[in-house]
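Working notes, beginning with the structure itself.
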Amino acid sequence: MIQLIRGFRDILPGEVELWQRIEATARDLFEGFGYREIRIPVMERTELFARSIGEQTDIVEKEMYTFPDRKGELITLRPEATASIVRAYIQHRLYAQEPVRKFYTIGPMFRRERPQKGRYRQFYQINVEVFGVASALVDAQLILMLVTLLERLAVEDVHVHANSLGCPACRPDFRKALSDYLASRMDRLCSDCRRRSEKNPLRVLDCKVPDCRDAMTGAPAITDHLCDDCRAHFDTFRRALDEQKIGYVIDPRLVRGLDYYTRTTFEVQTGSLGAQSAVAGGGRYDGLVKALGGPEMPATGFAIGLDRLAELVAARSEGTAPGPDVFIAALGDESRRRAFGWVCELGLDGVQAEMEYGDRSLKSQMKRANRLKARRVLIVGENELAAGRAVLRDMQTREQQEIPLPAVVEEIKALAAASRD
Ligand code: HAM
């Protein structure tokens with residue numbers, strides 16, 4: 001038997017309803033804030049991700065699914081959505097009429113990480129991006145949307161971590177302080193960090209290797225090296241969070257795993273997911289649109305890990321896959337022919353009706369109706385056909401009534417509508 005690829009998974013009926021509910025809640029919330037859906041391809045030229053996310057990141061160095069297509073061009077399954085949305089924003093000149101554009105997208109991403117609970121090689125993100133607003137108020141508004149979504153889904157035990165990564169004016173000063181610190185700890189760093197400490201020392205702050213984490217206790221904090229503009233930006237952000245009554249902690253080690261960030265960065269973490277504690281992450285990337293060939297344009301956004309969010313929501317809700325509105329237990333060819341007509345007519349009207357297509361006894365059909373958790377069963381055999389009336393049994397109250405055959409569809413539709421109200 002051919003099994004699915006390691007780190008990939010199926011989301012089966014039973015679980016998928018929860019995903020649909022999360023997606024619908026997110027769409028509703030984001031659209032209320034003026035965000036519009038954008039759909040972008042799952043593959044892009046490798047260069048787009050390498051230049052956006054950064055050559056020295058784990059994602060680009062180790063985790064991308066990259067391969068030459070038949071003409072030899074290097075393409076990559078998207079490890080994230082931000083780079084593609086920026087590409088689309090530039091390519092379609094979406095800034096031309098109105099620079100402030102707000103997008104969301106939901107879909108699969110691909111990273112070849114070591115699979116474990118909460119970490120998959122194909123995972124899903126709900127992604128939100130705003131272009132054209134430099135103000136930190138929008139960063140705070142993004143976090144408001146994020147925590148509201150979690151609240152609406154009744155997720156608890158979540159904590160907002162926030163930091164500022166400064167800008168091209170102040171980051172060199174911090175890099176220098178960090179490099180000096182790293183030089184004094186070089187022998188305690190892993191080989192990746194030793195290599196990175198020269199070209200991209202911020203990445204060392206993000207390393208998950210326990211020895212590196214230990215070596216970094218006492219490292220300089222970027223928040224002590226911000227320029228006046230970045231400090232004012234960060235203050236505005238914090239004040240807006242306070243005014244919206246959103247709790248958060250400042251985490252000067254929060255550099256995120258992607259290189260495009262400037263100023264505000266944030267993550268939502270939870271204690272309920274074990275090692276994979278980040279449910280969502282994001283921040284500002286004011287330099288990326290320009291770096292990819294577009295105009296100077298501030299931008300900010302976040303992505304939620306949908307797999308992780310679904311796990312958190314599932315932990316708080318029971319599986320409630322509804323059964324069919326009616327199961328039609330038909331006996332004999334003529335009854336089955338009539339039943340099939342009703343099943344189709346009801347289905348077209350959004351009333352879920354199931355039947356047994358083979359020649360089975362009434363007893364086995366009733367068993368199946370029970371297994372499916374059908375709300376009611378309509379019984380029709382030769383006697384019922386002769387009498388011109390079918391028997392409808394309510395499976396909860398056990399009450400039975402007879403329905404004239406020409407009224408079957410209307411009657412079941414009315415009952416289904418009433419039990420939904
Ligand atoms: P990220 O932190 O790499 O950010 O990913 C965002 C979220 O995706 C994580 O917090 C996590 O919940 C989920 N995630 C990441 N990798 C996996 C995985 N292997 N398995 C399951 N879930 C995973 C970004 O991707 C940025 N593009 C976010 C952003 C948008 N920044 C600005 N705009």
Next on the checklist: Multiplying the sequence separation of ARG194 and VAL249 by 0.36 nm and subtracting their Cα-Cα distance, what value in nm do you get?
Outcome noted: 16.9 nm
Item to check | Nearest-20 debye value, segment 326-414 charge dipole, Cβ charges on Lys, Arg, Asp, Glu | outcome: 480
Item to check | Surface per residue (accessible, 1.4 Å probe) for the chain, Å² | outcome: 50
Next on the checklist: With both bridge residues required to lie in the chain, what share of the DSSP beta bridges run antiparallel, to the nearest 5%?
Outcome noted: 80
Checklist outcome for this item: Among ASN383, CYS344, GLN400, the residue whose Cα sits farthest towards the positive end of the charge dipole of segment 338-421, when +1 is placed on the Cβ of each Lys and Arg and -1 on the Cβ of each Asp and Glu, is GLN400
Item to check | Mean separation of Cα contacts under 8 Å, 6 or more apart, over the residue count of the chain: relative contact order % | outcome: 15
Checklist outcome for this item: With all protein chains present and a 1.4 Å probe, the order of PHE123, PHE131 from largest accessible area down is PHE123, PHE131
Checklist entry - What pairs from LYS71/LYS102; LYS117/LYS367; LYS62/LYS176; LYS199/LYS290; LYS117/LYS290; LYS367/LYS413 go past 30 Å between their alpha carbons? => result LYS71/LYS102; LYS117/LYS367; LYS117/LYS290
Checklist entry - Within segment 222-325, which trypsin sites (Lys or Arg not before Pro) sit in a loop by DSSP and count at most 16 neighbouring Cβ atoms inside 10 Å? => result LYS245, ARG253, ARG316
Checklist entry - Is the shape of segment 326-414 best called rounded, prolate or oblate, per the rule: a/c under 1.5 gives rounded, else a/b larger than b/c gives prolate, else oblate, with a ≥ b ≥ c the square roots of the Cα gyration tensor eigenvalues? => result rounded
Checklist outcome for this item: The size of the Cβ-based charge dipole (Lys, Arg +1; Asp, Glu -1) of the chain about the Cα centre, to the nearest 20 debye, is 1020
Checklist entry - Scanning the chain for helices, which whole DSSP H stretches are 15 Å or more long along the axis (Cα) and average -0.5 or more by Kyte-Doolittle? => result 16-32, 136-152, 333-348, 408-420
Checklist entry - How far apart, in nm, are the 7 Å Cα→Cβ label points at ASP235 and ASP180? => result 2.6
Checklist entry - Where both partners of a DSSP beta bridge lie in segment 326-414, what percent of those bridges are antiparallel, to the nearest 5? => result 55
Checklist entry - Where the accessible area of the chain is counted over protein heavy atoms with a 1.4 Å probe, how much of it, in %, is carbon and sulfur? => result 49
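The values are calculated or read from the model by the stated rules, or taken from the named source; none is laboratory data. Quick caveat: nothing in here was measured; it's all calculated off a predicted structure. Neighbour counts are summed over all protein chains in view; Cβ atoms, including those assigned to glycine, are modelled from backbone coordinates with ideal geometry. Quick note on the areas: whole protein, heavy atoms, side chains included, nothing else; ligands and nucleic acids left out. Shrake-Rupley method; radii C 1.70, N 1.55, O 1.52, S 1.80 Å.
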